[in-house]
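Student: Would you mind keeping the following structure in view while I ask a few things?
The values are calculated or read from the model by the stated rules, or taken from the named source; none is laboratory data. Since this is a predicted model, take the numbers as computed values, not measurements. So basically every Cβ, Gly included, is an ideal-geometry build from the backbone, and we count neighbours across all protein chains shown. SASA here: full protein model, heavy atoms, side chains in, ligands and nucleic acids out. Shrake-Rupley method; radii C 1.70, N 1.55, O 1.52, S 1.80 Å.
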Amino acid sequence: MKPAHLLFATAASLFSLLSLPSCKSGGGDTIKIGEFASLTGKEATFGTSSHEGTLLAIEQVNAAGGVLGKKLELLTEDDQTKAGEPANAVNKLISKDGVVAILGEVASSRSLEAAPICQQNKIPMISPASTNPTVTKEGDYIFRVCFNDIFQGGALANFASGPLKAKKVAILTDVKSDYSKGLAKSFKEKYASSGGAVGIELDFNGGDKDFKGQLTAIKSDAPDAIFLPGYYNDVALICIQAKQLGMNIPIFGGDGWESESLLTIGKDAVESHFFSTHCSIEQPTPEMIAFVAAYKKRFNGKSPDAMAVLGYDSAMVLVDAMKRANTTESAALRDAIAATKDFSGASGKFSLNADRDAVKALVFIQIKGGKFTYNATVNP
Ligand code: PHE
């Protein structure tokens, strides 16, 4: 005999199981959009930001009446910054929830895991911020609203030999990240071909805590600067340890540096270093001004970062395509996304090219006085 409270628990879970399908299916009165993001775990600021931007877009569209006579319903899955979870997330969103399109992810390794599943199911996927060149090569249903790392690596190489005047650059790569490996490669090709000397090249594993070995070796190689295509949490620790070793050469990287946590963890150790990213929230365009104001209002005065801006743009590109397609049917929706031209996003004006990548400008940021400060813009 089972105690009464266990019987009750069993009955209650049975009830919730039975009631689940009816409340999820929604009877087709909403348009379901899936999203997967790293809301928790090591890169939680990436997913939290892109999710907030995405959510703001969905709420604004719904407040203005929705799309094709229906309200949008955003179904969000947390992939916990963990390999294996993006596949679970998109499988669930497609097979169980029946979403018409998927938004995500920020990190390239996680987008690369999900993309083949979306492609196979012919569900359009729009990555807000994954820059690894191979992401959109996964197939004709895979898009991004950001530039790729061929462009970003080239801009960083020109920056190193130009404004930074670095004749020799050491490279420190996170071998666990497709983003880091891809950006290191495109930087190196462009920098070397334009006459720069690539110094010592070393690796780390994202999540490592001690970088003194690599940094000591870099110090003896005596480069003019260190190129560090990593994510903010590792970057902050590396900058702290470089400072402790008395190294005061410039360290620079790409969009993976962008998070307020870089400043709160790195403090004065990240001062005066540079990185490239997607946009600056100081851009004086009407779209950026309106976005920043709406975001601050919605999220208790918090300032948006690039992932938030791109999350917003990814959702708005999808909505614009739904309107032009006048349907959410998969092939027609795919074609409409592919035809995105001169889109006035919060991040800037962009078009999607034949490779389904956004063609758009990049900005350089310098950390000055403990703040991200706009430095320069590079046009495509
Ligand atoms: N571009 C990075 C990647 O592909 C993700 C990222 C985007 C990080 C924007 C920060 C800001 O993995």
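For every residue, the table says whether it meets (1) more than 11 Å from the ligand (Cβ to nearest atom); (2) closer than 29 Å to residue 345 by Cα; (3) among the basic types (Lys, Arg); (4) open to solvent by 30 Å² or more (accessible area, probe 1.4 Å).
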| position | (1), (2), (3), (4) |
| --- | --- |
| 123 | yes, yes, no, no |
| 130 | no, yes, no, no |
| 138 | yes, yes, no, yes |
| 146 | no, yes, no, no |
| 152 | no, yes, no, no |
| 175 | yes, no, no, yes |
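Student: Within the set of pairs 6+ apart or on separate chains, which have a first residue in segment 353-373 that is free of Cβ contacts under 8 Å to residues at least 12 places away in the same chain, a second that is aliphatic (A, V, I, L, M), and C-beta atoms under 7 Å apart?
Tutor: From residues that are free of Cβ contacts under 8 Å to residues at least 12 places away in the same chain, the pairs are 353/359; 373/365.
Student: Could you check, for segment 314-321, whether at least one of its residues is of a type in the set (S, T, N, Q) and either over 19 Å from residue 127 (Cα atoms) or out of contact with any strand residue (DSSP E or B) (no Cβ under 7 Å at 6 or more places or on another chain) (or both)? Working first, answer last.
Tutor: The initial filter retains those residues of segment 314-321 that are of a type in the set (S, T, N, Q), namely 314.
Adding the requirement that they be either over 19 Å from residue 127 (Cα atoms) or out of contact with any strand residue (DSSP E or B) (no Cβ under 7 Å at 6 or more places or on another chain) (or both) leaves none.
Scanning segment 314-321 turns up no residue that is of a type in the set (S, T, N, Q) and either over 19 Å from residue 127 (Cα atoms) or out of contact with any strand residue (DSSP E or B) (no Cβ under 7 Å at 6 or more places or on another chain) (or both).
Student: Additional query: Run residue 112 past the list (1) open to solvent by 10 Å² or more (accessible area, probe 1.4 Å); (2) more than 12 Å from the ligand (Cβ to nearest atom) and report the number of the one that doesn't hold.
Tutor: (2)
Student: Let me ask something else. For residue 154, are the conditions met, namely being of a type in the set (Gly, Ala, Ser) and outside the structural domain of residue 219 (by TED's automatic domain parsing)? Explain how you work it out, then say what you get.
Tutor: Details: of a type in the set (Gly, Ala, Ser): yes; outside the structural domain of residue 219 (by TED's automatic domain parsing): no.
The answer is no for residue 154.
Student: Moving to a separate point now. Could you tell me whether any residue of segment 323-336 is buried (at least 20 other Cβ atoms within 10 Å of the Cβ), in contact (Cβ under 8 Å) with a residue 24 or more places away in the chain and within 20 Å of the chain's Cα centre (by Cα)?
Tutor: No, the conditions are met nowhere in segment 323-336.
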